[in-house]
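S.K.: One structure, pasted below without further comment.
Nothing in this text is a laboratory measurement; each read-out follows from the coordinates by a stated rule. Please read all numbers here as calculations on a predicted model, not as lab measurements. So basically every Cβ, Gly included, is an ideal-geometry build from the backbone, and we count neighbours across all protein chains shown.
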Amino acid sequence: MPLKILTAEISHETNTFNIYPTDIQDFQDRLLLDGPTAIATFKDNNTELAGVLDVSRERGWELTHTISASAGPGGRVTDRAFDHICAPLMAAAQKGGWDGVVLMLHGAMVTASFEDGEGEILRRLRAIIRADIPIAVTLDPHANVTVQMCDLAQIIISNTTYPHVDIRATGRRAAELLHRALIGDIHPITLRAHRPMLEEASGGRTDMGAMIDRHALARAYEARKDVYAISINGAFPCADIAEVGPTVLVTCEAETAGTRAIAEQIAEDIWVRRHEKLNTYLTVDEAVSVARTWDAGAGPLVIADYADNPGAGAYGDSTALLSALLAADINDACFGPMIDKDVALKLQSNSVGDEVTLLLGGKTAPKFGGGPIAVTGTVRWIGEGEFVGSGVIMSGQKRNMGKTAVLRVQGIDILITSISQQLLDLSQFETFGIDPQSCRIIALRSMQHFRAAFTAIAGRIIVCDSGALCTLNYAALPYRSVPRPIFPLDIT
């Protein structure tokens, strides 16, 4: 008889400082599909689900996928939305007869009632299915992994790359380990090591620096007969919760002195090297100073606004960087996204070529990155913000940024959207008439994922802290629930 496998994809990265709750509509705006539709949509893409389906076909599983739900990073998930997206999984679990479960989660979900959203999903599921049914979980490496998660799931595997280019491979690894557990080849548990930090020094970058060595060490340890997977999580510092911070997970046969030592060794390296930052975070003025003298012949200068990254729950409407670029008369440039729903909707009533004057951005939290600015520009594009990814992270995947407009102001093409998304794919400019490769300056809102697509065309990349909600100045954020003392708030 084929093994009966239950699967679900439920993902959210919650910035608890974001004032806007994440509700059902936010999932509908990003991803909310029933199981069969999700399989048809993502079976060939770089997704965890595609990797799990690969193994399911190879191993002859009878797989039931219940839901794929993901909202853009934002404020706490409402109880209504959380119950709604959990319901299909729990209903299927109630039917019984399952041999194993694969859950594709993020690891940093916080709800109105639960600091540990993923742990609550596992708790609800374990209340229905037997304790001896193995559960495999995939995570984003910016997970804040809790003790409860490790107690309730035997197998936990995070992506090993940031930018995340190995998502499908992660799904495959988790599914393969689940199959080995189901046939009695292994009997896994997952150990957790943690240090009192908000995040790893460089946010988990794996394209250079300390994480390269850590992952090389992890892969070497995985050659041991009793070690099946090692996951290194840089954490998500914008979650004001008790179990925040970097973790090292070792999925292994049993807890022994040796397996515990592996987890602690890598966690201690994260702690000891807590000051080793790979990025140089420029001020807005410093970034604009570089832009002033940039030679277009070298290729575009990419300015990444780290602090206003919608991919980490920032509002994406700060004006500090754009205002400074305009004041410096920077041209041959593009900027995006500016998430301003009111302006994006208003511009839909205009025609391409119209000249308009309006207040742009800065309406949500002016103290984080600047208030609204008055601009006069020419409408270059209006319509629905649908695009298909072309880069390695999003290749072939359809997304929608809602009502969208492009406004040219003083030689800067500004991509204005109504749905929050970070800028990580060239098609997010190209679809709307902006050719980033022909620009002298590309200013975008992202922390790291943009590198997968933009490094190839960039003459240089610089990173800017505009003072928005994901600022590296953690002292500016009103932490109340994180354990104290913690680095860097109290510990140097």
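S.K.: Using r as the Cβ-Cβ distance of Lys341 and Ile491, and R0 as 51 Å, what FRET efficiency do you calculate, to the nearest 0.05?
M.R.: 0.80
S.K.: Right, next: Please report, in Å, the Rg and the Dmax of the range 1-135, where both are computed over Cα atoms only.
M.R.: That works out to 14.7, 50 Å for Rg and Dmax.
S.K.: In addition: Per 0.36 nm of contour for each residue apart, how much would the distance between Glu253 and Thr376 grow if the chain were fully extended, relative to their Cα-Cα spacing?
M.R.: In short, 37.9 nm is gained.
S.K.: Distance from the Cα centre of the range 354-409 to that of the range 255-308, in angstrom?
M.R.: Taking the Cα centre of the range 255-308 as reference, the centre of the range 354-409 is 27 Å away.
S.K.: Using the crude model of +1 on Lys and Arg Cβ and -1 on Asp and Glu Cβ, and no other charge, please compute the dipole size for the chain relative to its Cα centre, in debye to 20.
M.R.: I would put it at about 360 debye.
S.K.: While we're on this one: Work out from phi, with θ = phi - 60° and the Karplus expression 6.51 cos²θ - 1.76 cosθ + 1.60, the ³J(HN,Hα) of each residue of the range 79-89, listed in order in whole Hz, and give x for Gly and Pro.
M.R.: In residue order, the calculated couplings are 4, 4, 5, 4, 4, 5, 7, 7, 4, x, 5 Hz.
S.K.: Here's something else I'd like to know. Tell me, what HN-Hα J-couplings in whole Hz come from the Karplus equation 6.51 cos²θ - 1.76 cosθ + 1.60 at θ = phi - 60° for each residue of the range 348-355, using x for Gly and Pro?
M.R.: 5, 7, 8, 10, 4, x, 5, 9
S.K.: Could you work out [θ]222 nm for the chain from helices alone, using -39500 (n - 2.57) per DSSP H run of at least four and dividing by all its residues? Round to the nearest 500 deg cm²/dmol.
M.R.: Counting only the DSSP helices, I get -8000 deg cm²/dmol.
S.K.: Next question, about the same structure. Among Phe27, Phe450, which comes first, second and so on when ranked by fewest other beta-carbon atoms within 10 Å?
M.R.: Numbers: Phe27 24, Phe450 27.
In increasing order of surrounding Cβ atoms, one gets Phe27, Phe450.
S.K.: If you don't mind, there's one more thing I want to ask. Amide H to amide H under 5 Å from Leu63: which residues, 5+ apart in sequence or cross-chain, H placed 1.01 Å off N in plane?
M.R.: Here Ile5 satisfy the definition.
S.K.: For Arg445, list long-range residues whose amide hydrogen, built 1.01 Å from N in the peptide plane, is under 5 Å from its own amide hydrogen.
M.R.: Answer set, sorted by chain and number: Asp305, Gly336, Leu423.
S.K.: Just the ratio, please: alpha-carbon radius of gyration of the range 4-272 over 2.2 N^0.38 Å, N its number of residues.
M.R.: After normalising by residue count via 2.2 N^0.38 Å, the value is 0.93.
S.K.: Average the reciprocal distances over every distinct pair of alpha-carbons in the range 157-220, invert the result, and give the Kirkwood radius in Å.
M.R.: Result for the range 157-220, one decimal place: 13.8 Å.
S.K.: Quick check: the distance between the Cα centres of the range 105-148 and the range 445-473, to the nearest angstrom?
M.R.: Here the two parts' Cα centres lie 30 Å apart.
S.K.: Would you compute, for the Cα atoms of the range 281-474, the largest minus smallest coordinate along each principal axis and list the three values in descending order, in whole Å?
M.R.: If we take the Cα atoms of the range 281-474, the spans are 38, 37, 33 Å.
S.K.: Residues of the range 237-256 with the amide nitrogen closer than 11 Å to a label point 7 Å from the Cα of Arg180, along Cα-to-Cβ, please.
M.R.: 251-253
S.K.: Kindly express, to the nearest 10 degrees and within the range 0 to 90, the angle between helix 210-221's C-alpha long axis and the longest C-alpha principal axis of the chain.
M.R.: Helix 210-221 and the main axis of the chain meet at about 20 degrees.
S.K.: Using 0.36 nm per residue, how much length does the chain from Arg57 to Arg123 gain when fully extended, once their Cα-Cα distance is taken away?
M.R.: The Arg57-Arg123 span can extend by a further 20.9 nm.
S.K.: Return one number: the angle in degrees, 0 to 90 and rounded to the nearest 10, between the long axis of the Cα atoms of helix 167-182 and the longest principal axis of the Cα atoms of the chain.
M.R.: Taking Cα atoms only, the helix is inclined about 10 degrees.
S.K.: Let me ask something else about it. At 25 °C and 0.890 mPa s, what whole-number value in µm²/s does Stokes-Einstein give for the translational diffusion of the chain, with Rh from the Kirkwood sum over Cα pairs?
M.R.: 107
S.K.: Let me ask something else about it. Of the beta bridges DSSP finds with both residues in the chain, what % are antiparallel, to the nearest 5? Intermediate values should be presented prior to the final figure.
M.R.: Values: 37 of 82 bridges.
Once the DSSP bridges in the chain are tallied, antiparallel ones form about 45 percent.
S.K.: Angle, helix 117-126 long axis vs. longest principal axis of the chain, Cα atoms, 0 to 90°, nearest 10?
M.R.: Taking Cα atoms only, the helix is inclined about 30 degrees.
S.K.: Put +1 on the Cβ of every Lys and Arg and -1 on every Asp and Glu Cβ in the chain; which of Ser158, Ile262, Ser351 then has its Cα farthest towards the positive end of the dipole?
M.R.: The residue sitting most towards the positive pole is Ile262.
S.K.: Straight-line reach from Lys403: which lysines fall under 23 Å, measuring Cα to Cα and dropping same-chain residues less than 8 apart?
M.R.: Lys341, Lys346, Lys363
S.K.: Could I ask something else about it? Length gain on complete extension for the stretch Glu430 to Glu355, per 0.36 nm per residue less the alpha carbon to alpha carbon distance? Could you put the intermediate results ahead of the total?
M.R.: Values: separation 75, 0.36 × 75 = 27.00 nm, distance 2.21 nm.
Result: 24.8 nm gained on full extension.
S.K.: Treating only the Cβ of Lys, Arg, Asp and Glu as charged (+1, +1, -1, -1), what charge dipole size does the range 105-156 show about its Cα centre? Round to the nearest 20 debye.
M.R.: 200
S.K.: Separate question: Please state the charge dipole magnitude for the range 232-379, taken about the Cα centre, from unit charges on C-beta atoms (+1 on K and R, -1 on D and E), reported in debye and rounded to the nearest 20. Spell out each step's value before the answer.
M.R.: Details: 9 positive and 20 negative charges, 44 e Å.
Approximately 220 debye in magnitude.
S.K.: Another question, then. Set the Förster radius R0 to 25 Å, insert the Cβ-Cβ distance between Gln410 and Glu384 as r into 1/(1 + (r/R0)^6), and round the FRET efficiency to 0.05.
M.R.: 0.40
S.K.: Got a sec to turn the phi values of the range 315-320 into Karplus ³J(HN,Hα) couplings, 6.51 cos²θ - 1.76 cosθ + 1.60 with θ = phi - 60°, whole Hz, x for Gly and Pro?
M.R.: Values per residue, Gly and Pro as x: 6, x, 10, 5, 10, 4 Hz.
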